[in-house]
Amino acid sequence: QKYIDMVAQVLARFLPASALVELGCGYGNILLRLARRPEFKDLQLLGGEYTESGVSLARRLAAAQGTAMEIHQYDFLQSEKSDLRIPKNAIIFTSYAIPYVPLLPGELIGWLAAQHPHTVVHFEPCYEHCDQTLLGLMRRRYIEVNDYNRNLITLLGRKAREGLIDLLEEGVSKFHRNPLLAASVVAWRGAGSSAVA
């Protein structure tokens, strides 16, 4: 519950927006819980999920809850092939989805920026945020052993230097029930975006 509260508080800071979109949404647990909160209840809800079973279950759970939510298959490695249509000025977010892609392609950030989002927010463990403390080194090794993502921050930094995106915030290693896989909060939007947080 504390994690959901943290996600909701961060996302709410970037309202108003046209929609709330979660990439790598699994069976829709986070989106469905956010949909019950008053600050998000009037937003269009969309999710992208890699597995067919996840898409099917998310649709069933949304119907059972009486929540209007579109779920489509989505692959971080082939974003351009997805049927997911993201409206302009949406808040796009990921939550513990990035780890399963060891190395993200640079094209992903370009594709996201091309959707003209209000803001993109990542609630993700970030390899580059693992410091030289004992805990930081343990986190780094945990990510390596499990072959989790190791380039999200590097990729975003490069795209920011290239002028494609503007990094809005980069909060290091917040919390999670697994202390070796604590989420950082990173927010960005397309360079020169007129969206106002």
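On the basis of being among the polar types (S, T, N, Q) and in contact with a Ser or Thr (Cβ under 8 Å, 6 or more places away or on another chain), does S173 make the cut? So S173 passes the test. Number of residues in segment 133-168 that are outside any helix (DSSP H, G or I) and not small (G, A, S) equals 13.
Of all residues in segment 11-38, those being crowded, with 18+ Cβ neighbours inside 10 Å and either more than 20 Å from N149 (Cβ to Cβ) or not acidic (D, E) (or both) number 17. Within segment 125-142, is there a residue that is under 24 Å from C25 (Cα atoms), open to solvent by 20 Å² or more (accessible area, probe 1.4 Å) and of a type in the set (S, T, N, Q)? For segment 125-142, residues under 24 Å from C25 (Cα atoms), open to solvent by 20 Å² or more (accessible area, probe 1.4 Å) and of a type in the set (S, T, N, Q): absent.
Please go through segment 143-153 and give me each residue that is under 23 Å from F93 (Cβ atoms) and either open to solvent by 70 Å² or more (accessible area, probe 1.4 Å) or charged (D, E, K, R) (or both), ordered by number. Full working, then the answer.
Taking segment 143-153 and keeping what is under 23 Å from F93 (Cβ atoms), we get 143, 146, 148-153.
R150 - this is the single residue of segment 143-153 that is under 23 Å from F93 (Cβ atoms) and either open to solvent by 70 Å² or more (accessible area, probe 1.4 Å) or charged (D, E, K, R) (or both).
When the residues of segment 50-60 are narrowed to those that are in contact with a Phe, Trp or Tyr (Cβ under 8 Å, 6 or more places away or on another chain) and open to solvent by less than 20 Å² (accessible area, probe 1.4 Å), which ends up nearest to P87 (Cα to Cα)? That would be A58. Scanning segment 97-121 for residues that are closer than 20 Å to I30 by Cβ and surrounded by fewer than 18 Cβ atoms within 10 Å (Cβ to Cβ) yields a count of 1.
The values are calculated or read from the model by the stated rules, or taken from the named source; none is laboratory data. This is a predicted model, so every value here is computed, not measured. Ideal geometry is used to build each Cβ from the backbone, glycine not excepted, and the neighbour counts take in all protein chains shown. Note: accessible area is taken over every heavy atom of the protein model, side chains too, but ligands, DNA and RNA are not part of it. Shrake-Rupley method; radii C 1.70, N 1.55, O 1.52, S 1.80 Å.
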